[in-house]
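Notes to accompany the following structure.
The values are calculated or read from the model by the stated rules, or taken from the named source; none is laboratory data. As the structure is a computational prediction, the values presented were derived from the model and not from experiment. Virtual Cβ from ideal backbone geometry, glycine too; neighbours counted across all protein chains shown. Ligands, DNA and RNA are excluded from the accessible area calculation, which covers all protein heavy atoms including side chains. Shrake-Rupley method; radii C 1.70, N 1.55, O 1.52, S 1.80 Å.
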Amino acid sequence: MSEGAIGTERELKFRPRDVDEARVLVARFRDRLGLPAAPAVTTTLESRYLDTADHQLARCGLGVRARWALEALDPEAARWTAKLALEEDDGTYVSVEFEVDGERERLPAEIAGRLRSVVGSARLVELARIRNHRTSWRDATGGVEIELDVVDVLAPRTGHFVEVEVEVADDEQLRALRRWVGAVPVSTTHKLGAALGQVVSVDPECVARVRALLEAPSDPGWCEEPAPWAR
């Protein structure tokens, strides 16, 4: 298992009506950002999200998932992410992410310990499951990325949507892109909210506490635990 890492994600999210509309939007951004026409990566991802039954993590602005590529060579490996949305303004997302590589059916200690610091002994459940066919375009430095996701919602209900994400390295570039793209409709939720079909009200005081937890050093006393979907 790799050591966990904390970082900041800056992105715009759009929810086009269909794949054709998404491709037109991607082409606009590719031209604006100087990205090649050929995608860097095409893959199919499965993501499983967890929370307590009463959404204690969501009420703190925290989304937690295990994600893996269906084409991955290691059938047990997953990347675990705890993602805290700090700012949302008309489609502009700035989030703090704690990520660590681990196993699909085991919460890594660094994730489990942080979650237990929020929810105590409350039972964790699988909140949602999605699968998305992702096509990605990147610049040479990796600081700019466009992703076209064709998403199938597998649980707790079935559904389908298309999303375009544009990720950049700094806040000013993000806002400049938002101004440039103009009246194009933006997404008001992350994929989890779209899968659930609902948005949970967030407690600002809890957000500050969770951010401190994500950014704090790992505790050697934390233990891994089974994922809710473990066999």
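Okay, here's what the table says:
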| read-out | value |
| --- | --- |
| Residue satisfying all of: in region 163-177; of a type in the set (Asp, Glu) and either assigned to a loop (DSSP other than H, G, I, E, B) or in contact (Cβ under 8 Å) with a residue 60 or more places away in the chain (or both); surrounded by the fewest Cβ atoms within 10 Å (Cβ to Cβ) among these | ASP170 |
| Number of the exception - ASP203 against (1) among the charged types (D, E, K, R); (2) farther than 19 Å from LYS83 by Cβ; (3) in contact with a helix residue (DSSP H, G or I) (Cβ under 7 Å, 6 or more places away or on another chain) | (2) |
| The one condition in (1) surrounded by 14 or more Cβ atoms within 10 Å (Cβ to Cβ); (2) modelled with pLDDT of 90 or more; (3) within 17 Å of ALA27 (Cα to Cα) that TRP180 fails to fulfil | (1) |
| Enumeration of residues in region 186-220 that are open to solvent by 100 Å² or more (accessible area, probe 1.4 Å), touching a residue at least 60 places away in the same chain (Cβ under 8 Å) and over 19 Å from the mean Cα position of the chain (by Cα) | ARG209 |
| Scan of region 75-104 for residues that are over 20 Å from ASN132 (Cβ atoms) and open to solvent by 40 Å² or more (accessible area, probe 1.4 Å), ordered by number | GLU76, LEU86, GLU87, GLU88, ASP89, ASP90, GLU103 |
| Check on GLU110, modelled with pLDDT of 95 or more, of a type in the set (D, E, K, R), open to solvent by 10 Å² or more (accessible area, probe 1.4 Å) and under 30 Å from GLY182 (Cα atoms) | no |
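Okay, residues lined up against (1) assigned to a strand (DSSP E or B); (2) touching a residue at least 24 places away in the same chain (Cβ under 8 Å); (3) within 30 Å of ARG114 (Cβ to Cβ); (4) open to solvent by 10 Å² or more (accessible area, probe 1.4 Å):
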site	(1), (2), (3), (4)
LYS13	yes, yes, yes, no
ARG23	no, yes, no, yes
ARG32	no, yes, no, yes
ARG48	yes, yes, yes, yes
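So that you can scan it fast, the table gives a plain yes or no per residue for (1) modelled with pLDDT of 95 or more; (2) over 26 Å from CYS223 (Cα atoms); (3) more than 17 Å from the chain's Cα centre (by Cα):
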| position | (1), (2), (3) |
| --- | --- |
| LYS83 | yes, no, no |
| ASP101 | yes, no, no |
| ALA128 | yes, no, no |
| THR135 | yes, yes, no |
| ASP139 | no, yes, yes |
| LEU148 | yes, yes, no |
